[in-house]
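Note sheet for the following structure.
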Amino acid sequence: MTNIDWKIKAFSELTTTELYEIIKARVNVFVVEQDCPYPDLDDYDQKAIHLWAEKEGEVLAYCRIFDKGIKYPETSIGRVVTTENGRGTGLGKQLISYAIDVIENRLRTTEVRISAQDYLLKFYSGFGFVDTGKKYLEDNIPHTEMFRK
């Protein structure tokens, strides 16, 4: 896929248009596609580093990154989403790879804990994440806690 812009910003740096497009992408995938009503606006966006790929203003892949002690004792990656238009392009893999780079270079650690939807366990294991055995339902979707050293 060409003409992709990668952006990384703190909450205070987001424009209202960028924030709108990010929320739109999250709601379209998690709420509409996955039929999962959940509180997306959870007061954590303000503490996150926002990383996304966009083309002509449309968010195609997105995640938020947290420093140690916000979601877990370790750093974490959450709200990982690839929109319909971004799927099958490799953007999801690039997104996680870039997120890990941000954690290693900006946050100066390799330890990352995530809450992965179960159908993505193999995807995340490709980045060195290991199943911790902690399994649970989050918003009625099976999740597994994974950890990367």
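Any read-out appearing in this document is the output of simple, stated calculations on the displayed coordinates, not a laboratory observation. Here the structure is a predicted model, which means the values were calculated and not measured. Quick reminder, even Gly has a Cβ in these numbers, built from the backbone with ideal geometry, and neighbours come from all protein chains shown.
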For this session: Quickly run through the stretch 20-43 and pick out the residues that are in a helix (DSSP H, G or I), under 16 Å from the mean Cα position of the chain (by Cα) and in contact (Cβ under 8 Å) with a residue 12 or more places away in the chain.
Result: 21, 22, 23, 24, 25, 26, 27, 28, 29, 30
Seminar exercise, completed: With criteria (1) among the hydrophobic types (A, V, I, L, M, F, W, C); (2) surrounded by 12 or more Cβ atoms within 10 Å (Cβ to Cβ); (3) touching a strand residue (DSSP E or B) at 6+ places or on another chain (Cβ under 9 Å), residue 27 comes up short on (3)
Exercise. Do the conditions hold for residue 71, that is, is it touching a residue at least 24 places away in the same chain (Cβ under 8 Å), outside any strand (DSSP E or B) and either farther than 18 Å from residue 115 by Cα or among the acidic types (Asp, Glu) (or both)?
Worked result: no
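Within the stretch 88-102, work out how many residues are in a helix (DSSP H, G or I) and either in contact with an Asp or Glu (Cβ under 6 Å, 6 or more places away or on another chain) or on the phi > 0 side of the Ramachandran plot (or both). Explain how you work it out, then say what you get.
First, pick out the residues of the stretch 88-102 that are in a helix (DSSP H, G or I): 91-102.
Going one step further and asking which of them are either in contact with an Asp or Glu (Cβ under 6 Å, 6 or more places away or on another chain) or on the phi > 0 side of the Ramachandran plot (or both), we end up with none.
Residues that pass the stated criteria total 0.
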Exercise. From the set of residues in the stretch 124-149 that are touching a Phe, Trp or Tyr at 6+ places or on another chain (Cβ under 9 Å) and among the aromatic types (Phe, Trp, Tyr), which is surrounded by the most Cβ atoms within 10 Å (Cβ to Cβ)?
Worked result: 129
